[in-house]
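The values are calculated or read from the model by the stated rules, or taken from the named source; none is laboratory data. Worth saying up front: this structure is predicted, and the values here are computed from it rather than measured. All Cβ positions, glycine included, derive from the backbone under ideal geometry; neighbour counts span all protein chains shown. Each accessible area value is taken on the protein alone, full model and side chains, heavy atoms only, with ligands, DNA and RNA left out. Shrake-Rupley method; radii C 1.70, N 1.55, O 1.52, S 1.80 Å.
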Amino acid sequence: MRKPGVLVISHGSRESSWVQLVDDAVGQLPLRGELPVAASFLEIVEGRLIQDGIDDLERQGVTDILVIPLFVSSGSTHVNEIAYALGVIDAPAIDTDLEPFRIRGNILYGEPIDNDPDVARMVWDKVKTESKNPGEEVLILVGHGSSHDGFRQRWEEGLSRLVESARAIGGLAAADYALLRPDSVRAKVEYWQKERGMQVIAAPLFLSDGYFTRTVIPQRLDGLNYRYSGEALLPHPLLTHWMERQIRSWLARDADASL
């Protein structure tokens, strides 16, 4: 008999608060009482790595696993290498040390965050207190990015759509994006300040607060005049809602297929 389950995979961190924010978002899923759900991490969080999550679900009798890659962009190389290690694709697009996982059941690989409407609302909720005069402001969304060709373009495509959606929600005059890799953060802020005469609101696109949001981005912008909330996506109830929609859509398709 088939039994569905959900495996949520994020990167992981040495900061317990980072891990706790992910656990809180997963723990708020209203479907948890109906099907097994496990939250696991690509690295660092010992005892809760991806194989641990798979093993935990299979011990509960799960035969069909929806994997939700909790990463902010499909341009993340981690999304690709995890897909390979799960057997979803035959070969990774980049070199990886990740070995294929032991899996007895079936895997359906879900979607990373990218430019979902729920995420645009989350971005705006995190920065709206920094907006004072929308008609003279530009929102610059800062993502990690990638130096790998193909992956960088996915980052750029997703960020450009996401930041425009957030701009429309807030009624700002303009929107743009910047990447830490390859580094375009300072150049983008200077352009909008000096060439366009706009007040910059910079916002990080990261899952949870950490070194990049607290240290790297402010260092890249040292000495410039800008507003910065520094808030990552979590905590926010809409991230749980985003995961729930993927799960319900999968369960509905699975039910239709069994008819």
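Some notes on this structure:
- Estimated FRET transfer efficiency (Phe101, Lys194; beta-carbon r; R0 35 Å; 0.05): 0.10
- 222 nm mean residue ellipticity, helices alone, for the chain (DSSP H n ≥ 4; -39,500 (n - 2.57); rounded to 500): -11000 deg cm²/dmol
- Among beta bridges identified by DSSP and lying wholly in the chain, the antiparallel ones come to about 0 percent.
- In the context of the full set of protein chains, residues of the chain present 47 Å² of accessible surface per residue (probe radius 1.4 Å, heavy atoms only).
- Rounded to the nearest 10 square angstrom, Tyr211 shows an accessible area of 130 square angstrom against a 1.4 Å probe.
- Our summary gives the range 136-259 a relative contact order of 26 percent, counting only alpha carbon pairs under 8 angstrom and 6 or more residues apart.
- Net charge over other residues, Cβ less than 15 angstrom from the Cβ of Glu231 (K, R count +1; D, E count -1): +2
- If you sort Lys132, Lys126, Lys3, Lys188 by accessible surface, 1.4 Å probe, largest first, the order is Lys132, Lys3, Lys188, Lys126.
- Across the range 204-214, computed HN-Hα scalar couplings (Karplus, 6.51 cos²θ - 1.76 cosθ + 1.60, θ = phi - 60°) run x, 9, 9, 5, 9, 4, x, 4, 5, 6, 8 Hz from first to last residue, x flagging Gly and Pro.
- Phi angles across the range 171-187 convert, under the Karplus curve 6.51 cos²θ - 1.76 cosθ + 1.60 with θ = phi - 60°, into 3J(HN,Hα) values of x, 6, 6, 7, 8, 7, 9, 9, 10, 6, 9, x, 6, 10, 5, 5, 4 Hz, Gly and Pro given as x.
- Sites listed here are GluC sites (Glu not before Pro) in the range 1-88 whose DSSP assignment is loop and whose Cβ has at most 16 other Cβ atoms within 10 Å: Glu15, Glu34, Glu43, Glu46.
- Alpha-carbon centroid distance for the pair the range 74-96 / the range 1-40, whole angstrom: 21 Å
- Amide H within-cut-off set for Asn106, under 5 Å, with H built and near neighbours excluded: Asp64, Ile65
- The residues Arg59, Arg102, sorted by heavy-atom accessible surface at 1.4 Å with ligands and nucleic acids left out, run Arg59, Arg102 from largest to smallest.
- Degrees, to the nearest 10: 237-257 long Cα axis against longest axis of the chain: 40 degrees
- Helix 16-27 and the longest principal axis of the C-alpha atoms of the chain enclose an angle of approximately 60°.
- When the range 1-112 is reduced to its Cα atoms, the Kirkwood hydrodynamic radius in Å: 14.2 Å
- Once backbone amide H atoms are built at 1.01 Å from N, Val8 has Ala38, Ala39, Ser40, Ile68 as its partners under 5 Å, excluding neighbours fewer than 5 places away on the same chain.
- Carbon/sulfur fraction of accessible area - the chain, other protein chains in place, 1.4 Å, %: 46 percent
- The range 117-228 shape via C-alpha gyration tensor axes, a/c threshold 1.5: rounded
- Of the residues Arg14, Arg248, Arg227, the one with the largest accessible area comes first in the ranking Arg14, Arg248, Arg227, computed with a 1.4 Å probe on protein heavy atoms.
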